[in-house]
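One structure is given here, and the rest of the page talks about it.
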């Protein structure tokens, strides 16, 4: 039941916040914080639990929803969802705090949307029923659309429409695939159900499986996004209010990655392997192209948006490497990217509040005026370029090593991305805080509230960089489970898949790297 | 039968009292009684009155839908009609008469009754559309509808005549038995059905018979537009489904191709033309064309599950459309219709609850989760895929995206910064009706299981 409460609390909070916003703008903020903190406590209570060997899920609940179609309210929690939920709620709290001063109009409705998005994301991370998954998948779109469309910057309408149409169109393709899957399973077994656990291991011809998988991929790759389909992202990120960008970058993109893990690989064990070389190629293209575009931007926020494209390239590269090492890296990358890019978006937003421009050419030499802000931007830029000691380094390194085992060429090309990311990250610091003062700005440094937020995120990113083991431990059973599903009737894979690195070696290894 | 007596009683009442409120109250009362009486008929079905009527669960379900929709339209009409000058009481009489026509369609088992129902419905609609006599557009719309409806009736009659020539009977069930089991339809019969399809196509506003729709929707008073979009179409649809499934039209190659073509054309043309509309009523008109296109996919599934899907779709479409038109009519005054999208600028900040209902209706039309429209679309896609109609299903998917684009445009307007337009005060009934509609959209979207249960249990043909 508790998993249902997680969502219900957020929904109730959403409506309360909306109603309370009529009286005083402070109430929605407090209500949102309260709802999120309750959720946070519930989730933390699960961290200490360990999965029993005979049970693959920490919690697993199921109710009938529309029995006529075999649709159920099936929610379950495992390590992977736990880690991502933690990230969701943490960043949810952060977004309430950073919107404290930024959002002044329609406060109640803003928090209504915010909590609704978080409820949708929570639902996505927990659903084990394909219909329910699609339901939540779509549920998070509408409030996000409002968030960009109402509180966004100048071109908000176009950006929000673009965002909605891209995701909706790809979502519908996934929906068709879900239905096709449902019918194929029904025809072969006689049981018509949308339940994920029962649909696992459905046997179907390779070509059908490939087609259906492409439908799912469409939705996940648009969300991730992968390069030819990334067009909505820079606009949506740039035009959204700070909390919107934060949630888009740090959480919404992760739902795509989560989908790859939870659905693509277990449901299509052989088709996904066939697709792997293309997937890795898309990843590499994303890494390099995103980095190149990030370098070329003059709009600070757009630059950060493109770095997301680049970083998400690592995720898809890792997912299609098919080994534990890479997958641990992917989980780490999801979290580390959520924190580091999220923090950069927050800082960009705070800078914008002060000087009302995002044009890099108008900035420069701000360090003297705002050293604290400069220091924080420096830290997160370093995280973004993969400085050892910070979370992103562990993640990208693991992904590269994992990918190296599968496909040497791709791995080598992808590591060029590290150089590219160094260039654009240093350019941020150079253009904004060092160098010539192009314009004289009157700028106040970060206040206490902003310092606390930034400091919290620094703590997390450093902690991830120095002691990644807890994350690995929590996510490991989920990863091994996914890997197991992969072992079912794998056709000969072009390059050997090595699953033998045990968890223990992995952690020793990664920590050694950090110490070096 | 109660609906039949109601107008007569009202006519008498009007001649004595001529009081707006009384007539209004009585119409609601009679519709409620009619709806309640439905539950009393249920035990005695199937019951057929040879040779004209057939009253089975299917027709009762449609009767229920028709009466409820008529009731909601009546409730929504109150403010709008009240502002008209001159005689107003007749509006409700005509509304009841046309509802009677619609109900006849639902129970028709004979071409004669079918035609009678359609004519009763159409003729009262002419008057309702042209009810605002002082307004040019209203009259224009009325005349347009008059001409088109007469032409379509002619087609319908000709089709019936052809079929009568072939079988020598006009009773649905007799035609079915005359068809026998050979499944092959002669050219005469097919052309007969094609002619009837033209007639029905006009009524349902399917492409290429859709030209009248936007003008009529725009010109007619908003509650009447709502009435045309729901009651009139639903009743005709009920006959179409009964007829088509009885003759097993989906097994016939030509009919299959014709219906598929009409469905695809309706979806694409309806949605593409809606994109550029600046007038909300025209936009809804085009959207209704597209929606009928989705709905007739069901005709081709050829299973009773398909009928169940269509019933669910109709219910959700009715609620949704009534929601959308309800908002339009509540915000319109007799002098100025709130029909430009610009008029709705910033509605959310001025009248949040109305805007929420409007948004829900539009999202439901677009088929976004949490709303009834999502489950309805899912149901149709589901049955369509089950029957292997992939081309149609994919057209529907593509169209959902196109559709989303223009619905979003309206929603964006609702939430943009407030404009200058002044809004009329809203009455209690109007608010109440909209609240009911909004809540039902949500209930059907979140927990549709019970309704699907009922439909699955009762609806078979």
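The values are calculated or read from the model by the stated rules, or taken from the named source; none is laboratory data. If you're wondering where the values come from, they're calculated on a predicted model, not measured in any experiment. Neighbour counts are summed over all protein chains in view; Cβ atoms, including those assigned to glycine, are modelled from backbone coordinates with ideal geometry.
Taken over the range A:148-157, the criterion of being at pLDDT below 90 and assigned to a helix (DSSP H, G or I) is satisfied by A:149, A:150, A:151, A:156, A:157.
Conditions tested, residue by residue: (1) at pLDDT below 90; (2) outside any helix (DSSP H, G or I).
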{"residue": "A:186", "(1), (2)": "yes, no"}
{"residue": "A:202", "(1), (2)": "yes, yes"}
{"residue": "A:212", "(1), (2)": "no, no"}
{"residue": "A:219", "(1), (2)": "no, no"}
{"residue": "A:222", "(1), (2)": "no, no"}
{"residue": "A:243", "(1), (2)": "no, no"}
{"residue": "A:248", "(1), (2)": "no, no"}
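Counting only residues that are over 22 Å from residue A:342 (Cα atoms), touching a residue at least 60 places away in the same chain (Cβ under 8 Å) and assigned to a helix (DSSP H, G or I), the range A:103-139 holds 7 of them. Return yes or no: is residue A:165 outside any helix (DSSP H, G or I) and either under 30 Å from residue B:451 (Cβ atoms) or within 14 Å of another protein chain (Cβ to nearest Cβ) (or both)? Judged against the criteria, residue A:165 is not a match.
Regarding residue B:432, is this residue away from every other protein chain (no Cβ under 14 Å) and at pLDDT 80 or above? When the stated conditions are applied, residue B:432 passes them.
If the requirement is being within 9 Å of chain A (Cβ to nearest Cβ) and under 17 Å from residue A:143 (Cβ atoms), which of these qualifies: B:411, B:375, B:397, B:381?
Working: B:375 fails: under 17 Å from residue A:143 (Cβ atoms); B:397 fails: under 17 Å from residue A:143 (Cβ atoms); B:381 fails: under 17 Å from residue A:143 (Cβ atoms).
Only one candidate qualifies: B:411.
When residue B:131 is tested against (1) outside any loop (DSSP other than H, G, I, E, B); (2) more than 25 Å from residue B:253 (Cβ to Cβ), exactly one condition is not met: (1).
Considering the range A:46-77, the residues that are more than 14 Å from every other protein chain (Cβ to nearest Cβ) and modelled with pLDDT of 85 or more include one that is surrounded by the fewest Cβ atoms within 10 Å (Cβ to Cβ), namely A:62. Here residue A:82 meets each of (1) outside any helix (DSSP H, G or I); (2) touching a helix residue (DSSP H, G or I) at 6+ places or on another chain (Cβ under 8 Å); (3) in contact (Cβ under 8 Å) with a residue 40 or more places away in the chain with one exception, condition (1). Take the residues in the range A:179-192 that are touching a residue at least 24 places away in the same chain (Cβ under 8 Å) and buried (at least 21 other Cβ atoms within 10 Å of the Cβ), then tell me which one is nearest to the other protein chains (Cβ to nearest Cβ). Selected residue: A:182. Of the residues contained in the range A:400-411, one or more are found to be over 27 Å from residue A:250 (Cα atoms), assigned by TED's automatic domain parsing to the domain that holds residue A:456 and surrounded by fewer than 18 Cβ atoms within 10 Å (Cβ to Cβ).
From the list A:23, A:100, the lone residue that is over 23 Å from residue A:255 (Cβ atoms), touching a residue at least 24 places away in the same chain (Cβ under 8 Å) and away from chain B (no Cβ under 14 Å) is A:100.
Every condition in (1) within 12 Å of another protein chain (Cβ to nearest Cβ); (2) in a helix (DSSP H, G or I); (3) closer than 26 Å to residue B:440 by Cα; (4) in contact (Cβ under 8 Å) with a residue 40 or more places away in the chain is met by residue B:358 except one, and the failing one is (1).
Within the range A:326-373, being in a loop (DSSP other than H, G, I, E, B) and touching a strand residue (DSSP E or B) at 6+ places or on another chain (Cβ under 8 Å) holds for one residue alone: A:358. Looking across the range A:418-441, the residues that are without any contact (Cβ under 8 Å) to a residue 60 or more places away in the chain and loosely packed, with under 13 Cβ neighbours inside 10 Å come down to A:419, A:440.
Checking each residue in the range B:361-387 for being more than 18 Å from the chain's Cα centre (by Cα) and assigned to a helix (DSSP H, G or I) picks out B:363, B:374, B:375, B:378, B:379, B:381, B:382, B:383, B:384, B:385, B:386. Screening the candidates B:405, B:447 for the property of being at the interface with chain A (Cβ under 9 Å from one of its Cβ atoms) and out of contact with any helix residue (DSSP H, G or I) (no Cβ under 8 Å at 6 or more places or on another chain) yields one hit, B:447.
From the list A:307, A:298, A:238, A:255, the lone residue that is closer than 30 Å to residue A:481 by Cα, in contact (Cβ under 8 Å) with a residue 12 or more places away in the chain and in contact with a helix residue (DSSP H, G or I) (Cβ under 9 Å, 6 or more places away or on another chain) is A:255.
The sole residue among A:128, A:172, A:197, A:141 that is away from every other protein chain (no Cβ under 11 Å), within 29 Å of residue A:82 (Cα to Cα) and in contact with a helix residue (DSSP H, G or I) (Cβ under 7 Å, 6 or more places away or on another chain) is A:128.
Residues B:416, B:332: which one is more than 10 Å from every other protein chain (Cβ to nearest Cβ) and either crowded, with 24+ Cβ neighbours inside 10 Å or more than 15 Å from residue B:284 (Cα to Cα) (or both)?
B:332
Residues in the range A:103-121 that are away from chain B (no Cβ under 11 Å) and more than 18 Å from residue A:39 (Cβ to Cβ): how many? Number of matching residues: 4.
Determine if the range A:143-151 includes at least one residue that is closer than 25 Å to residue A:267 by Cα, within 18 Å of the chain's Cα centre (by Cα) and surrounded by fewer than 24 Cβ atoms within 10 Å (Cβ to Cβ). Within the range A:143-151 (the criterion being closer than 25 Å to residue A:267 by Cα, within 18 Å of the chain's Cα centre (by Cα) and surrounded by fewer than 24 Cβ atoms within 10 Å (Cβ to Cβ)), the answer is no, since none of the residues qualifies.
Looking at the range A:193-206, which of the residues that are without any contact (Cβ under 8 Å) to a residue 60 or more places away in the chain and surrounded by 14 or more Cβ atoms within 10 Å (Cβ to Cβ) is farthest from the chain's Cα centre (by Cα)? Once the filter is applied, the top-ranked residue is A:204. Number of residues in the range B:384-394 that are within 10 Å of chain A (Cβ to nearest Cβ), over 20 Å from residue B:286 (Cα atoms) and touching a residue at least 60 places away in the same chain (Cβ under 8 Å) equals 2.
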